[in-house]
Structures are given as structure tokens and as C-alpha cells.
There are 6 protein chains.
Amino acid sequence: MPIVELHLLQGYGSEEKRRLHDGLTDAVRLVVPALPDAITVLIHEMEPDNYSRGRKHRVGAPALKDPGNIVKRYLKAMEARDFDSARSMLGEGFSMQFPGAEPMASLKELLDWAGPRYRIVKKTYDGFDVMQSSGPEALVYCRGNLSGEWPDGTAFDSIRFIDRFEIEGEKIMRQDVWNDIAEARAKA
Amino acid sequence: MPIVELHLLQGYGSEEKRRLHDGLTDAVRLVVPALPDAITVLIHEMEPDNYSRGRKHRVGAPALKDPGNIVKRYLKAMEARDFDSARSMLGEGFSMQFPGAEPMASLKELLDWAGPRYRIVKKTYDGFDVMQSSGPEALVYCRGNLSGEWPDGTAFDSIRFIDRFEIEGEKIMRQDVWNDIAEARAKA
Amino acid sequence: MPIVELHLLQGYGSEEKRRLHDGLTDAVRLVVPALPDAITVLIHEMEPDNYSRGRKHRVGAPALKDPGNIVKRYLKAMEARDFDSARSMLGEGFSMQFPGAEPMASLKELLDWAGPRYRIVKKTYDGFDVMQSSGPEALVYCRGNLSGEWPDGTAFDSIRFIDRFEIEGEKIMRQDVWNDIAEARAKA
Amino acid sequence: MPIVELHLLQGYGSEEKRRLHDGLTDAVRLVVPALPDAITVLIHEMEPDNYSRGRKHRVGAPALKDPGNIVKRYLKAMEARDFDSARSMLGEGFSMQFPGAEPMASLKELLDWAGPRYRIVKKTYDGFDVMQSSGPEALVYCRGNLSGEWPDGTAFDSIRFIDRFEIEGEKIMRQDVWNDIAEARAKA
Amino acid sequence: MPIVELHLLQGYGSEEKRRLHDGLTDAVRLVVPALPDAITVLIHEMEPDNYSRGRKHRVGAPALKDPGNIVKRYLKAMEARDFDSARSMLGEGFSMQFPGAEPMASLKELLDWAGPRYRIVKKTYDGFDVMQSSGPEALVYCRGNLSGEWPDGTAFDSIRFIDRFEIEGEKIMRQDVWNDIAEARAKA
Amino acid sequence: MPIVELHLLQGYGSEEKRRLHDGLTDAVRLVVPALPDAITVLIHEMEPDNYSRGRKHRVGAPALKDPGNIVKRYLKAMEARDFDSARSMLGEGFSMQFPGAEPMASLKELLDWAGPRYRIVKKTYDGFDVMQSSGPEALVYCRGNLSGEWPDGTAFDSIRFIDRFEIEGEKIMRQDVWNDIAEARAKA
């Protein structure tokens, strides 16, 4: 039966407020065993005139883009081999870690490394989990299955994978990948 | 500069309230690009006498245990081969998915399956990520490195892994595991 | 000096909010011996975007009609012998209890019963009292005086009466009537 | 889904707060068609140090006694013929109106008037309805059945009655009575 | 880290709300050693429909003019020798006290008295301090330097002064003046 | 009819809260022409467990001493010629400005300067006005009359004075003095 009130500067849209409603509700649900229906969230929007901190009016900073959507767009660009778009979503200092590879810092390295490992790869998704870490980065987990073709042209599918992304300032800073490709290759 | 007020029935302890402060702060930070220091959380505890819903006083349900701690205790019990303790943390309908294995439903199956794959395995942890899903289950991700001995006694280490747990009603309902064991074996 | 704040979904009109102001003020006055002027009521209306329960936005249900007005319209229709209108205000399972009569369930029964008792009857009102019961029904008391003509055409007036109505879902479910008609007849 | 917050000076007991919870809940229910369970009431008690009006701290006035209980004690005293107790509950300017009688102002008048009308009378109660009027007086309605003996010693029972009381400053200021005694006598 | 919420009837403008933000912030700062940036003020404006006291809706009274501005306009009118304007800002019962003079009640008295003391006098301002007293009057202090000409035509400048004004109902009720004119004359 | 709510970390005493009540009330009165009795202040004290900013619990800083009391103690020490106490209340960088004197920075300078000007001087007070400036300093104005003896032993009294103090971090940083001593001397 908890009630959450959020006082917020005016200027956030419906979708952004929906994310706040969900996040605040779930933050309570993680600790209090209330049914979702027993948790009420009230957002009180403040006009700039009606809000001051340190005697100064303030304007609400634009909302952060949904990190889950950033990752979805990144994955879509990668699948479409639109590497310019994908690269534009990576932050300064980006790094990635794939199974059996050294850490890589650029899409070029990734493409060079992946080249001999599979000819085509596609992802289907079982789910995305999005959260804010205690640090500056938001976290996005996505998991599902890989399908595609080995370098020799034979097909593979139903290979489990999970990706972990760190997003900071709306840029992807880190990607960690785990999957069963080696299991599958060993079986093949 | 957002301010969160949580009205809550009395009875939650300091640690439980700290988890609420953190979760509510982070729920806002996922959307609003405010520095953590600009986010204030106020918890207003209500005595039962001062709270009613539907004309009835209510008592706050005991807090849910931290799902991260449940998983840590489970992993510790598994490492200590204290399978009774570990089993007691699993819920009715528990299932697990390991790389290269069929879905399993009991620790016995797991032990039988793992037996020929490695003699000893230990985990060191790089991090735990805990969140409430939109459904009834809380999610715990933990990741790090495996070390141990192959069946032939040779040592291995620095094998990346990640586990995903679903916790519901303070019981582990599902464990999904990804790791680089097959990569390592392929290299060995 | 009590202050009442009501958080309400947007969509209630001025008249409906006035009823809420009055009812909340009087609810406090029944317990706290404050002068009315010392009781402040603040209504905070929530836009649907700013309100969620169980992660879902909600729309406020249309206000219930003032039960006092429902009864006034019913009494007016009865006096005008507009029985169709009156009947439309009665709920499924309606019953009524008049002095010296068996419980009745329809206007027809009432008319049949009243026929030989008085030729004409009119009500003047001293007051209406409206409240919500602890159950689903709202209560309306109205009291005043009856005037009219006995079956023999002689006039009567100043006969005290009181009616008690139960209203549920905006329909009249029960009417209980007390009056001094028998006293008057005995004197006549 | 309405939420009511009441800010109140410290010093009200559990029973008094329960009356406030009920009254505030019902005030909302009279207008908003929410299930009782969807209405939350939060009482925030203020220590005198934490409350000021006009720069002055205040002490909450003692709660008004439940008018329903005042009437119940009055009716009990009358039935027990403890007229001193009953009289002590009447306020300066008390008046009462019984069927077929002139307005009366004292218990003595009532006893003189009732003497020839019935030898013994007892009340059984179907219900009490308590509300604050828009004026200074609280209202209590009680209704039920009378049983007893006529002056000639014959018994009567199941005679419907309703009483309306006005209470002000914890004193009964007015009692209006309606019943079916004349109906019963006419039939007898 | 204190948070101030002000519930106010609708109808105050931006400038008036800015004065409230500043005053409330400073009222806290006088007691709590928080940096200004750590003090948040939220103004919640209430539509008349959403506010009642004593079951009656209210309209917010127009804001009081800034007493600092009233004094500035008065001083400007005096300097411009626009005595009609200046006089219109004085309240019934106005009095003033200048160094070495008896209390005076009208601008005429002041001009007669000042005539032989200096031919011209101008004020430059170092600062204005504005506050509400605990009584009905607002206080305005202004201080700075006087320059001008003595009756013999010689110039003076840099003579310190301070004025204290009491403003009530937007009218100046009292002016107290201190300055170093006598010091300067003694030196001259 | 404005209502002020202050959310504050626990730990402030009654006297400190009284100063907050007064200051917040007066801050509203400076703008809104409400009678003091129409302004309500509610202080909500937060236990450290129930308050976080940036995910960290905080402890309320000890209240600042009343600047009016600091000045009163300083003036009392000066009158009692307890210069050590008086000096301990002055901050680093203290300066003072007396009529007809150069700015001074120490009590010794003041005593040397005042020596030939009067043998004894005492203050009686008509009032103290205390406020927070928009800057870090609190302001205290005190005014009243001087009495004492001239160097030649003749008495004087009823000489008007006003002092303006700036207090920062509970230390007096600046004192500005205006009075009619030169007027009085000129007349003598």
C-alpha cells in the first residue's frame, strides 16, 4: 500500500513519465511485498516559477533516452550492417568483450575478428532488462538466440547468448557478450 | 533536483529503508539526468493507527529479503557443496539452463551433468546487478570468472561467466548460465 | 486547525469538488471541535499521466450523483404523479416500508395501498440529511410536513413525516417512512 | 484510488483517529464511486513544536465524544429510568417533539405526557446513523422497534420508531421522534 | 537540505512568487547553516475550486507591493521634489524623526525644517534591507551617502546616512533617519 | 490562508524551530496580505534513516545561533567592558564604521578613538530587527538611545543611535553605527 510522490520540474513527456512510474513502482516492489496494484505513484510537476533551489529558478534537464531503446537501435544497426549509425552510438572509451577474444575497442576490430568465425549472424530476443547502476552507467541486459551461417555456409540456430551493455550519457560505453557458439562448434 | 516522498507503513528496518532510498534514487536517475546529490528521498513512516485503506488499518508486510543476498548465499552454499542449504533456496518449479545442457530441474541433475565436465569449479565475482522485473520476479545478474580443475586434474582459470537468476517470493525460480568453458576447452 | 489534502484523478467538476470539500470538512468536524473556518481542504488533481497504480495509468470514474438530489427528483416525480420517472430511479430489489403497511416492492402496490388512505398528499420539507453509510449505500433522510385531503375530501396539514432512503449505484434501493397520519386520524 | 492526508495536532487517540479514518473515507465514497479498498487515508500528527498558526504553537482541542455514543448512553439511561443521568446529557435549550404531543422541553414534561400512553416501553435498535450537519450540530438517527405494555397491561411489540437527535458541544439539543404507536393503537 | 512547500491560492505573479521563494529560502538560512543551493522551495498553487476553508472557497488577496519598491519610489519622488506623489505614499498617522529635530508629521514640516539646513541634498545608496516585522509593519532599511550643498552654496558629499521605514498596508507609516550631517558641519 | 510545510532533518530544538516558524510565517506575510492567524507552518522532521540525498543519509548541521542574541551578548560585553568576550565574537576581517571616524578593525582602535569623545556611554534599546541577507551574512539592526558622560563629566542622554551588524558563521563581521552625538555636542 505504499504511495510514492515525485516532485519534478515540468517538461517531461508521457513516455518519460511512464518510465518514472514504472521504475518507482518496481523500486518499491523490490523491497515491499505489495501487489503492484497496491502501489500508487503520483508525479507532481512544478512550473519553473514554482520551484527554486538556492533562490534560483531551474529548468528541468531533458530526460535521458531509454537505455533499452539505445541498445535496441544499436543492435538493429549492427544487424543491418549500418556501422556508421552503430558507431555513432558508442561513447569515447568504448570497449567490448566477446567470448574467446581479446578486449576490442572499435567496430572494425570486431568485424575483423568475427569475419572468420561466422558468415552471417542474427539475433532473436527473449528479453531486455534495463536498470540504473549505483554508478553513472545504466545497464541493459539482452538475451536470446543466435542463428546464422558458419564460414562454410552451413546454418546454425538456437545458440543462446546474453549481452550486457553499460550506457552513460546516452552512449554505449561497454558491451560484454557471452554465448554458446563454442559449445555449438564443439558439437558440430 | 527531483524529490521523492515514500509513504510507507511503519516496520521496515534501516537496511530495508536504505534499499528503498537507493532504488527510488536510481529509478529517477534512469530517466532524469540529475546528479545523485540532486535527488532527495524522504520516507514517511505511518503508524498503523494513522493509516487506513478501505476504513481498515493495515500492518506492513515484512520486507522481502534482498534478492542479491539470496543469490550470494545460494552460490556460497553451492561452492561449499552444502546442497541441502542450496536446495532450500529453490522454489517449486525451479529450472536451470547451463551451456550445452538440456534444461535441468534439480541439483542432482546438475551434479550428475557437471561431474564429467570439471572436477572443481570456483567463482570470483566482478559484480552483481539486482532489479525488479515488471513481473513478479526479481532479477539478479552476477558475473565474474571461473577457476578450477578439468576432469584430468589440469587447472583452469579466468573463464568468464554470467548467471541470471529469477527470484520470486524469496525463492530462486530460474537460473540461466553462460560462460566461456567451451571456448577454453576448445583452446586447451 | 486541521488540514485535509485529497489527491484525486482529474475530471471532477466544481459541484462535485464542492461536495468533497464539504464532506471532508464535516468528517473532521464530527471529531475535532474546530470551528469550520479552522479546517482547510486542499484538492490536488492528478492528470492521468501523473498517476499510476500498479504501473498503470487510470482514469477517474465519473462522480456519483448527489444522493440528496436523486431523492429530491424522486419525491418531485411522485408528487407530480410521474410514476414512470419515479420508477426509473428505483433499483433492482427496491423495497419500501410505510406505517401500518406490509413491506412493498413496487409503486403499483404503494398506489393501491395509499388509495383508500388519502386522496391527495403533498410534502413540505424541513430538511434533508445526506451521508454515506459504512456499507455500499448512501443514506438520505428527509423530514417535514404532509398536507392533503382525506378520502372524504376534508383537508389535513402539518402532519409530521420522515423518510429514510438507501441509495446504491445511484438507484433508490429502500425507502422507510414514518409519520403522524395515524395520530391525526385518531384525533380527527 | 483517492488518497486523503489529514494533518492534525498530536493528541488524538486510536478510537478518535479511527472515527476520522472512517469519516474521511466515507466523505470521499459519497462522491467518488471507488471501492472502499481503493481509498487510503493518512493521518500526519504534528507535535506542538512542529505546528504554528500565526506564529503561535497550538494544542489540539480534545476530541468531541462520538455523538452516537452520547445518544446510546442517553437512551440507555432513559430505559433504566436513570433520569438524572439522562438530564445531564441535555443541553441548555433542549427541546423534543413526540408524535401527537406539543413540543416539550424537559424530561418531567415527557414523563407526565407518556404516563397515560404506555406503562412500559423498550427499544430494540436496527441501526444508528451519525453525521455532522453543515451547522454546528451533529446528527444521530436511530431506528428500530418498540415493545412494552399499554396502560391496561396488554403487551405490544414490533412498533417501528425512528429518533433524530441534534448534538452540539457534546450535549443533546433536540430530539424528534416518529413511530407507529398510533397505528398500533388504532389496530388494537 | 531543507525543503519548503508553500500551498497558496492561485493568482500570484512570477515576481511575487520570486519574492516568496527568496523570503522562504532566507528564513531557513537564518537558522539552518545550509548552502542556499541545498534549500528547495516548491510552491503549490491551488485553484479556488480546489481550496476551501470552513467549507467556503476563497480567492487569494492581491499580493502586497514590495515594501522596498514603495520606499524607492518615495525616495525618488522626494528627490524629484514631486511632493504630491511622495505624500500619496504616506499613511494616516505617518511620523518621521530626523537628527536634531522634533518628530514631524508632514512633508511641509520637513521642508520648513530642512530649508535652513541644506540647499540641495541627494542620496546614493549602498543597500536596501527589507523584512517583515513580527507586527503588521514591514521594515525597509536603506543606507548610503548624502551629497549636496550647504545653505551657503558650498558642496558636501560622502555623508553617511541610514533610513528606517515602517510600511503598513502599502503605506509608509514611519521614517527614522540617522546621518553624519552634524559631524560634517562640525568639521566644516 | 497559505500553508508552509518544511521538511527538515531531525535534531533542531524547540527554540530553533520557533525561529523557523516565525521566519517562514513572516516571509509569507511580506508578500501575502494574510492575517498571521491565517498562516500555518508545519515542520516535518526526518529521521536520518528516512532521508537521503544522492543515496546517502545525512545528518542535519547544528542550527546557527540567533544572530540577534549574538549581537545582544556582544553589546552587553562591551557595556561591561569585558573586551575579551566581545573580541571573541568578532570574525576574521571584522571592521566597523563609527560617525566621524575612519573605518576601524579592532576594539583597541575603537577604545583609543572613543576615549576623548565620551567618558561613559550606555545604550537603551528600542528594538532589534534580524534578517538573513541574500548573501551569506545575517543582518541585525538595533536602535535606541545613548546616555553617559562627556569627557568633562557632564551627563548626556536620549541621544538616538542605530547599529547595523553583519554576522557570518556566527561571528560579527561588520558594525556600522549612526547616532546623534554630533548633533548633541553641537547643541551643548
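The values are calculated or read from the model by the stated rules, or taken from the named source; none is laboratory data. The model shown is predicted, which means the values in this text are computed figures rather than measured ones. All Cβ positions, even for glycine, are placed from backbone atoms using ideal geometry, and neighbour counts span all protein chains on display. Ligands, DNA and RNA are stripped out before the accessible areas are found, and what is left, the full protein with its side chains, is counted by its heavy atoms. Shrake-Rupley method; radii C 1.70, N 1.55, O 1.52, S 1.80 Å.
Under the condition of being of a type outside the set (Gly, Ala, Ser) and touching a Ser or Thr at 6+ places or on another chain (Cβ under 9 Å), which residue from region F:157-170 is surrounded by the fewest Cβ atoms within 10 Å (Cβ to Cβ)? Lay out the reasoning, then the answer.
Taking region F:157-170 and keeping what is of a type outside the set (Gly, Ala, Ser), we get F:157, F:159-168, F:170.
Filter once more, keeping what is touching a Ser or Thr at 6+ places or on another chain (Cβ under 9 Å): F:157, F:159, F:166.
Details: F:Asp157: 12, F:Ile159: 21, F:Glu166: 21.
Out of the qualifying residues, it is F:Asp157.
Which of the residues that make up region A:24-40 are free of Cβ contacts under 8 Å to residues at least 24 places away in the same chain, assigned to a helix (DSSP H, G or I) and either among the hydrophobic types (A, V, I, L, M, F, W, C) or under 16 Å from A:Gln132 (Cβ atoms) (or both)?
The initial filter retains those residues of region A:24-40 that are free of Cβ contacts under 8 Å to residues at least 24 places away in the same chain, namely A:24-27, A:29-31, A:33, A:35-37.
Then keep just the ones that are assigned to a helix (DSSP H, G or I); that gives A:24-27, A:29, A:36-37.
Correct list: A:Leu24, A:Thr25, A:Asp26, A:Ala27, A:Arg29.
So how many residues does region E:10-27 have that are more than 7 Å from every other protein chain (Cβ to nearest Cβ) and crowded, with 19+ Cβ neighbours inside 10 Å?
So the answer is 1.
Is it the case, given these coordinates, that E:Glu137 is over 15 Å from the mean Cα position of the chain (by Cα), at pLDDT 95 or above and among the acidic types (Asp, Glu)?
no
Given the conditions (1) touching a Lys or Arg at 6+ places or on another chain (Cβ under 9 Å); (2) of a type in the set (Gly, Ala, Ser); (3) over 30 Å from F:Tyr12 (Cβ atoms), report the number of the one that D:Ala114 does not fulfil.
(1) is the only condition that D:Ala114 fails.
What's the total number of residues in region F:157-179 that are closer than 14 Å to E:Asn179 by Cα and in contact with a helix residue (DSSP H, G or I) (Cβ under 7 Å, 6 or more places away or on another chain)?
Let us first name the residues in region F:157-179 that are closer than 14 Å to E:Asn179 by Cα, namely F:159-164, F:176-179.
Right, trim to in contact with a helix residue (DSSP H, G or I) (Cβ under 7 Å, 6 or more places away or on another chain) and you get F:159.
Matching residues across region F:157-179 total 1.
For region B:165-188, which positions are in contact (Cβ under 8 Å) with a residue 60 or more places away in the chain, out of contact with any strand residue (DSSP E or B) (no Cβ under 6 Å at 6 or more places or on another chain) and among the acidic types (Asp, Glu)?
B:Glu168, B:Glu170
Which condition breaks for E:Glu45 when tested against (1) part of a strand (DSSP E or B); (2) in contact with a strand residue (DSSP E or B) (Cβ under 7 Å, 6 or more places away or on another chain); (3) away from every other protein chain (no Cβ under 12 Å); (4) not hydroxyl-bearing (Ser, Thr, Tyr)?
(3)
What number of residues within region F:79-101 are under 19 Å from F:Phe161 (Cβ atoms) and open to solvent by 40 Å² or more (accessible area, probe 1.4 Å)?
3
Between D:Ser95, D:Ser147, which is more than 9 Å from chain C (Cβ to nearest Cβ) and within 18 Å of D:Phe83 (Cα to Cα)?
D:Ser95
What residue, among those in region C:51-67 that are open to solvent by less than 10 Å² (accessible area, probe 1.4 Å) and within 13 Å of chain A (Cβ to nearest Cβ), is farthest from B:Pro136 (Cα to Cα)? Break it down into steps so the answer makes sense when it comes.
Taking region C:51-67 and keeping what is open to solvent by less than 10 Å² (accessible area, probe 1.4 Å), we get C:51-52, C:54, C:67.
Subset that is within 13 Å of chain A (Cβ to nearest Cβ): C:51-52, C:54.
On the way: C:Tyr51: 21, C:Ser52: 18, C:Gly54: 12 Å.
Once the filter is applied, the top-ranked residue is C:Tyr51.
Any residue that is at pLDDT 95 or above, surrounded by fewer than 19 Cβ atoms within 10 Å (Cβ to Cβ), of a type in the set (D, E, K, R) and more than 20 Å from A:Trp178 (Cα to Cα) - is there at least one of those in region A:143-156?
Within region A:143-156, none of the residues are at pLDDT 95 or above, surrounded by fewer than 19 Cβ atoms within 10 Å (Cβ to Cβ), of a type in the set (D, E, K, R) and more than 20 Å from A:Trp178 (Cα to Cα).
Looking at C:Lys76, C:Lys72, which is the one that is more than 14 Å from every other protein chain (Cβ to nearest Cβ), touching a residue at least 24 places away in the same chain (Cβ under 8 Å), outside any strand (DSSP E or B) and of a type in the set (D, E, K, R)? First the steps, then the outcome.
On the way: C:Lys76 fails: touching a residue at least 24 places away in the same chain (Cβ under 8 Å).
Exactly one of C:Lys76, C:Lys72 is more than 14 Å from every other protein chain (Cβ to nearest Cβ), touching a residue at least 24 places away in the same chain (Cβ under 8 Å), outside any strand (DSSP E or B) and of a type in the set (D, E, K, R), namely C:Lys72.
Give all pairs with beta carbons closer than 6 Å in which a residue from region E:43-57 that is free of Cβ contacts under 8 Å to residues at least 12 places away in the same chain meets a residue that is of a type in the set (A, V, I, L, M) and open to solvent by less than 10 Å² (accessible area, probe 1.4 Å); count only pairs at least 6 apart in sequence or on separate chains.
E:Asn50/C:Ile43; E:Ser52/C:Val41
Determine if region E:134-142 includes at least one residue that is more than 22 Å from E:Ser85 (Cβ to Cβ) and either more than 14 Å from chain F (Cβ to nearest Cβ) or in contact with a His (Cβ under 7 Å, 6 or more places away or on another chain) (or both).
no
Filter region E:1-23 for residues that are part of a helix (DSSP H, G or I) and more than 29 Å from F:Gly13 (Cβ to Cβ) and give the result.
Across region E:1-23, the qualifying residues are E:Ser14, E:Glu15, E:Glu16, E:Lys17, E:Arg18, E:Arg19.
Pick from region A:126-142 the residues that are without any contact (Cβ under 8 Å) to a residue 40 or more places away in the chain and either exposed (fewer than 14 other Cβ atoms within 10 Å of the Cβ) or of a type in the set (Gly, Ala, Ser) (or both): which of them is nearest to B:Met131 (Cα to Cα)?
A:Ser133
Would you tally the residues in region C:33-50 being open to solvent by 10 Å² or more (accessible area, probe 1.4 Å), modelled with pLDDT of 95 or more and within 26 Å of the chain's Cα centre (by Cα)?
Final tally of qualifying residues: 0.
Quick test of your reading of the structure: E:Arg29 fulfils all but one of (1) basic (Lys, Arg); (2) at pLDDT 95 or above; (3) in contact with a His (Cβ under 9 Å, 6 or more places away or on another chain). Name the failing condition by number.
(3)
Within the group D:Lys123, D:Lys108, which residue is farther than 30 Å from E:Lys56 by Cα, of a type in the set (D, E, K, R) and within 17 Å of the chain's Cα centre (by Cα)?
Result of the check over D:Lys123, D:Lys108: D:Lys123.
Looking at region F:116-123, is at least one residue β-branched (Val, Ile, Thr) and open to solvent by less than 60 Å² (accessible area, probe 1.4 Å)?
yes
Can you find even one residue in region F:70-80 that is of a type in the set (Asp, Glu) and at pLDDT 95 or above?
No, region F:70-80 contains no residue that is of a type in the set (Asp, Glu) and at pLDDT 95 or above.
Among the candidates D:Glu149, D:Glu166, D:Glu183, which residue alone is under 10 Å from the mean Cα position of the chain (by Cα) and assigned by TED's automatic domain parsing to the domain that holds D:Ser95?
The conditions single out D:Glu166.
Here are some conditions: (1) within 9 Å of another protein chain (Cβ to nearest Cβ); (2) touching a Leu at 6+ places or on another chain (Cβ under 8 Å); (3) not acidic (Asp, Glu). E:Met104 meets all but one. Which one does it not meet?
Unmet condition: (1).
If you scan region A:169-180, which residues turn out to be within 12 Å of the chain's Cα centre (by Cα) and either within 14 Å of B:Ala101 (Cα to Cα) or polar (S, T, N, Q) (or both)?
Hit for region A:169-180 is A:Gln175, nothing else.
Under 6 Å by Cβ, and 6 or more places apart or on different chains, what pairs join a residue from region C:90-109 that is farther than 16 Å from D:Asn145 by Cβ and small (Gly, Ala, Ser) with one that is open to solvent by 20 Å² or more (accessible area, probe 1.4 Å) and part of a loop (DSSP other than H, G, I, E, B)?
C:Ser95/C:Pro103; C:Ser95/C:Ala105
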